[in-house]
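Report on one structure; see the data block that follows.
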Amino acid sequence: MDNWIWHTERIPAAITAFLTALLGNPQLVDLVKMILAAALLAGFVSLTALSLVWVERKVAAHVQQRLGPMRVGPHGILQTLADGLKLLSKENITPLEADRFIFHLAPLLCFAATFVALAFIPWAPDLQVVNFNVGLVFVLGIGSVGVLGILAAGWSSNNKWSMLGAMRAGAQIISYELSATIALISILVFAGSLDFREIVASQAQGWWIWRAPLVGIVAFLIYGIASIAECNRTPFDLVEGESELTAGFHTEYASIRFAMFFLAEFVNIFLVCSISATVFLGGWMPFHIGGAAGFNRLADLIPPWAWFYGKAMALVLVFMWVRWTFPRLRVDQMMRFEWKFLMPLAFVTLAVASCLVTAGWYFFPG
Amino acid sequence: MELLKAFKTADVPGTEAPMAYEDYFVNMGPQHPSTHGVLRLVLKLAGETVLGVTPVLGYVHRGVEKMGEAMTVVQFTHLTDRLDYLSAHMNNWGWALAVEEALGIEVPERAQHIRVIMAELTRMASHQLWWGVLGMDLGAFTPFLYGFRDRERINDIFEKTCGARLTMNYIRPGGVVQDVDEDFAKDVRAFLEYFAPCITEYEELLGGNLVFQERTKGIGVLSADLARSLGVTGPTARASGVDYDVRRARPYGIYPQLAFRVPVMSAGDCWARYQVRIDEMRESLGIVRQALESMPEGPVRAKLPAIVKIPKGHWLSRVEAARGEIAFYLQGDGGEKPWRVKVRSPNFSNLAALPYISKGHRVADIVAILSTLDVVIPCIDR
């Protein structure tokens, strides 16, 4: 295992060495590295969003026994590119009497929030755009900016349906964020750190989903459900509610602005699945069984970034499967579910987790 | 709009508290994904709570009844299947019955059997579409495509028989337009075989889902008394405990010779309406099977005079369409054209229940209620 596929930490080191030799000035080197990282991240985010749109259609096609995109490119892989071109060429309409500034700002807010948050996720031992000692808190904080975008979009559109969608979004996303965060905290008490890198490192003995007895799986499910709600996906897609609110908060958006909301949703799905994979499923940590050296060596054959990406994508597929199976909840049922069931359960989980950690009752305590 | 003015926020349970918001009006439709066509509902809302609904009709009004008075009775058959296009065969049949009664025509036995098979296949096709659309209205897109997948098979049978897939125009005064396709019996048997397990799949995919049950149980409760007083018929009325089915109450065709059950529920909510229609699909399977097995050989159309003249007098025919009782009133003055044509549409009466049963529910419930009332707008506007 000596090449760069397994040891991705060599890539940043090599780039730094190259830039230092080229530019000399360490501040300049840092600046170029920042620009490079931002560009790479932007490229990755766009590519992820585009490919997820395609994946979603394919999953839907399989669930619903139809073809999905099949014409543009092999198995329709160029379909989203074609869609993108089409969306770009559409007229970019701003409704009369809309609050123009906020109306134009809203899609940017949504997109930027998810884009920035992805920079903190560790892909491999040393493949992470920003390493931050309270990374998780920062990601949760920056993630909430997305709801601001949706609220702004609905409010500024000058449309009652959009307004209803925005009000629902405010109630929904803020409520479910609480459960999601508490579920994450239940695992943080085990991991003992807010740094993504350390959270992954703490799972060398086993992933938290089963290392924390019962609490791990319960917290994982709570986070999963709450994050579906945060992404406004079925059964919690009340914000769009196309059969009730026509399209909810983005009814009035056309062309590239609509595309930005759309792509932000997909990046957001990938983001919450990445967080879930990192905190509950060991991030880039391969699947290891204590004592089974042969098996562990086999697992190590798969490079860490592939482990991470595989886990995140598996969760993304679950999101999509749920979307094409479930009907939508009603607004009051959704709120009742969160405040009367999910959040109390999350608090209980947190309490139990704290007791377990204090007593040291969890599997393979380091 | 008058109806809406009568509603006060304080009338609606759960909203008595002083309001920090204003009541407002929202147009649901005429272009809205869940109004199933060009229906406009004016909603009066307090937040998401519905204080009142007023359906505004007439966006697809074509003057069908008046047109019926300007053409011969055979020509008018063509317009009947364009009323409720999901009950095309039953509508044709209803009109044919009125004409046959007026002219005293005896319909051949084989045609009677074909009519029943076609009508029940139509009922299943209509309920399949309704089931799919109900899923989609509640945010589940997959049932929609499953419903269409199965409906295709019925449409294929229709296409082989008469060349059309939606506006069939196959049942005519005197019988049916031509004999069935030679593969007909085989195709129908294959469909019966295929569709029986599909109903179970429907029940598991949608009915078995907790979210779906939460969204439908106790929503839009229509009492039996209200249903009767509004003239609500069909599965919608039967879900409220009104045990009325034209096929049994005023038998026509060969229905008296067939054994079938009329599903009746008592709750009157969206869930009951869902259950009744699912059961009806099962019953229709049995009816088709019986009619197919007892279908005799022979002619499929009685001889009609070259020029059909409607004698003086008036006739009313009723049939059980997929959405309830559709009645055709025919009045003749001895000429070739009817003197008066009037259609009693089940959709119109069923929609009349909406303002009464949606008060106090949420916007999302209006979608569910409207979907389980299963209205087809062109039949309302005519």
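Some notes on this structure:
- As computed over segment B:313-375, the Cα convex hull volume per residue (Å³): 88
- Cα shape, the protein assembly as shown, gyration tensor, a/c 1.5 rule: prolate
- Residue order for B:345, A:354 - accessible surface, 1.4 angstrom probe, largest first: A:354, B:345
- Neighbouring partner chain Cβ atoms per residue of A:65-75, average, 10 Å criterion: 1
- Solvent exposure ordering (accessible area, 1.4 Å, most first) of B:223, B:349: B:223, B:349
- Put a plus charge on the Cβ of each Lys and Arg, a minus charge on the Cβ of each Asp and Glu, and nothing anywhere else: the dipole of chain B about its Cα centre is then about 900 debye.
- Taking all protein chains as they are arranged and a probe of 1.4 Å, the heavy atoms of residue A:236 leave approximately 10 Å² accessible to solvent.
- Mean-position separation - Cα centroids, segment B:104-129 and segment B:157-186, in angstrom: 10
- Expressed as a fraction of 2.2 N^0.38 Å, the C-alpha radius of gyration for chain B is 1.01.
- The protein assembly as shown - accessible surface per residue (Å², probe 1.4 Å): 41
- Scanning chain A for long hydrophobic helices, with DSSP H runs required to stretch 20 angstrom or more by C-alpha along their axis and to average at least 0.5 on the Kyte-Doolittle scale, returns A:26-63, A:100-117, A:160-191, A:215-230, A:255-280, A:304-323, A:343-359.
- Segment A:1-145: translational diffusion in µm²/s, Stokes-Einstein, Kirkwood Rh over Cα pairs, 37 °C, 0.692 mPa s: 173
- Cα pair count fraction exceeding 37 Å, expressed as % - chain A: 23
- The Kirkwood radius of segment A:118-161, taken over pairs of alpha-carbon atoms, gives through the Stokes-Einstein law at 25 °C and 0.890 mPa s a diffusion coefficient of 195 µm² s⁻¹.
- The charge dipole of segment A:116-248, taken about its Cα centre with unit charges on the Cβ atoms of Lys, Arg (+1), Asp and Glu (-1) only, comes to about 120 debye.
- Candidate residues B:69, B:293: accessible-area rank, largest first, probe 1.4 Å: B:293, B:69
- Cβ crowding within 10 Å averaged over residues, with A:216-228, A:16-28 ranked highest first: A:216-228, A:16-28
- Cα pair distances in segment A:199-238, grouped into 5 Å bins until the bin that holds the longest one, percent each: 6, 24, 18, 18, 14, 11, 7, 2, 0
- Segment A:209-275 shape via C-alpha gyration tensor axes, a/c threshold 1.5: oblate
- DSSP H segments from chain B that extend 15 Å or more along their own axis, Cα-based, with Kyte-Doolittle mean of -0.5 or above: B:88-103, B:109-137, B:184-202, B:270-293, B:363-373
- Amide N of segment A:55-76 lying under 13 Å from the label point, which is placed 7 angstrom from the Cα of residue A:82 along Cα→Cβ: A:68-76
- Gap separating the Cα centres of segment A:241-294 and segment B:312-337, nearest whole Å: 58
- Gap separating the Cα centres of segment B:345-382 and segment B:32-57, nearest whole Å: 10
- Where a label projected 7 Å from the Cα of residue A:299 along Cα→Cβ would reach, residues of segment A:262-292 with amide N under 13 Å: A:281-292
- In terms of its C-alpha gyration tensor, segment A:2-83 comes out prolate, because a/c is 1.5 or above and the ratio a/b outweighs b/c.
- Projecting the Cα atoms of A:154, A:254, A:12 onto the charge dipole of chain A (Cβ charges, centred on the Cα centre) puts A:254 farthest toward the positive pole.
- Computed [θ] at 222 nm, deg cm²/dmol, the protein assembly as shown (DSSP H ≥ 4; -39,500 (n - 2.57); rounded to nearest 500): -17500 deg cm²/dmol
- Segment B:142-264 - Kirkwood radius from inverse mean 1/r over Cα pairs (Å): 17.8
- In units of the rule-of-thumb radius 2.2 N^0.38 Å, segment B:343-382 shows an alpha carbon radius of gyration of 1.19.
- Comparing mean-square fluctuations of A:256, A:289, A:142 from a GNM of chain A with C-alpha springs under 10 Å, the top value falls on A:289.
- Accessible surface buried at the B:A interface totals approximately 2500 Å², computed with a 1.4 Å probe on protein heavy atoms.
- Over 22 Å (Cα to Cα) - which of A:86/A:311; A:340/B:359; B:44/B:342; B:303/B:337 fall in this group: A:86/A:311; A:340/B:359; B:44/B:342
- Annotation: amide H of residue B:40 within the under-5 Å range of B:56, sequence separation 5 or more or interchain, hydrogens built in the peptide plane.
- Chain A: most fluctuating residue of A:255, A:243, A:51 per GNM, C-alpha cutoff 10 Å: A:243
- Computed from point charges on the beta carbon alone (+1 for Lys and Arg, -1 for Asp and Glu), the dipole magnitude for the protein assembly as shown about its Cα centre is near 860 Debye.
The values are calculated or read from the model by the stated rules, or taken from the named source; none is laboratory data. Everything numeric here is computed off the predicted structure, so don't read it as measured data. Cβ coordinates were reconstructed from backbone atoms using ideal geometry, including for glycine residues, and neighbour counts include every protein chain displayed. The accessibility values were calculated without ligands, DNA or RNA, using every heavy atom of the protein model including side chains. Shrake-Rupley method; radii C 1.70, N 1.55, O 1.52, S 1.80 Å.
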